[in-house]
1. Using a Förster distance of 45 angstrom, determine the FRET efficiency expected from the C-beta separation of His193 and Arg160, and round it to 0.05.
2. Please give every one of the lysines within straight-line cross-link reach of Lys106, meaning a C-alpha to C-alpha distance under 26 Å, and leave out same-chain neighbours fewer than 8 residues apart.
3. Which value, in Å² rounded to 10, gives the accessible area of Thr146 with a 1.4 Å probe and all protein chains present?
4. Ranked highest first by average number of other Cβ atoms within 10 Å, how do 221-230, 133-142 line up?
5. Going down the list Lys154/Lys184; Lys162/Lys209; Lys184/Lys211; Lys162/Lys219, which pairs span over 27 Å between their C-alpha atoms?
6. Compute the length gained on full extension between Leu208 and Arg137: take 0.36 nm times their separation in residues and subtract their Cα-Cα distance, giving the result in nm to one decimal.
7. What percentage of the solvent-accessible surface of segment 91-133, computed with a 1.4 Å probe over protein heavy atoms, is contributed by carbon and sulfur atoms?
8. Would you mind putting 210-216, 197-203, 169-175 in packing order, based on average other-beta-carbon counts within 10 Å, highest first?
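The values are calculated or read from the model by the stated rules, or taken from the named source; none is laboratory data. All figures in this text were calculated on a predicted structure; none of them were measured in a lab. Neighbour counts run over all protein chains shown; Cβ positions are idealised from the backbone, glycine included. Accessible surface areas use protein heavy atoms only, side chains included; no ligands, DNA or RNA. Shrake-Rupley method; radii C 1.70, N 1.55, O 1.52, S 1.80 Å.
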Amino acid sequence: MFKFWGSQEQQGQPRPQEVAQGPAQSWYPPSVVGSPSSSRPATPTSTSSSTSHSFQSPAERPLSPSPAEAAAFITLLKDKSVDELRKLLSDKDAYHQFLLSLDQVKIQNNIRDELRKETLQLARENLEKEPRIMELRNQCRIIRTTELAAAKEKLNELERQKEELLRSCSPASLLQMLQEAMNKTDEESEALHRQFLDKEIDLGSFVLKYKKLRTTYHKRALIHLAAKASPTA
């Protein structure tokens, strides 16, 4: 039989599809090389992609590119030759360089670098503030052990004084104090009357002082009587 030219070379060299299928030679993720009939990345609507992702958790499931991103990837790959595509599939360094040349990857790397710098800056600022934090902790500990105890004792004393004032200002206490004042005024007026009878004081002074004492007594007596008659007493 006749052998056509190039038949042996074609049999000895792997096809692009076969290179894509070899797991040991491909640096693409499974979602890219999962389709045996094409060397291009599989779209999110393909049956093989949906089948392979159906058993993955949301955290493990790769993010599908948007139509605009997929179109941009296809534009970058469609102008490459077969040898270049084979090199991307088999050469890790070439695939890595191509990946870093993508705009989306550059943006993500820039964001990652900025976040790393901000995190390092925050960590340095926190370390610089550590002595101040330790000083404040020591001050709080001293306040709790010394000043706080004194403040609590002072507060308890003020609470006791408040309770005493409340008891002294209660209606029963006020009535008691008013009754004692009435009794004192009455005793003073009786003592003044005895002095007048014993001629220890003249008539003019006796009248002025006695009138003042009895007026005070009757005022307090009327207040005492009204307070006892009040419903709040």
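1. Values: r = 44 Å, r/R0 = 0.97.
Here the calculated transfer efficiency is 0.55.
2. Reachable lysines: Lys78, Lys80, Lys87, Lys92, Lys117.
3. 80
4. By packing density, highest mean first, the sequence is 221-230, 133-142.
5. Lys154/Lys184; Lys162/Lys209; Lys162/Lys219, as the Cα separations exceed 27 Å there.
6. On the way: separation 71, 0.36 × 71 = 25.56 nm, distance 7.21 nm.
Value of the extension gain: 18.3 nm.
7. On the way: 2040 of 3740 Å².
Roughly 55 percent, rounded to a whole number.
8. Values: 210-216: 15.3, 197-203: 10.1, 169-175: 12.0.
In decreasing order of mean packing, 210-216, 197-203, 169-175 become 210-216, 169-175, 197-203.
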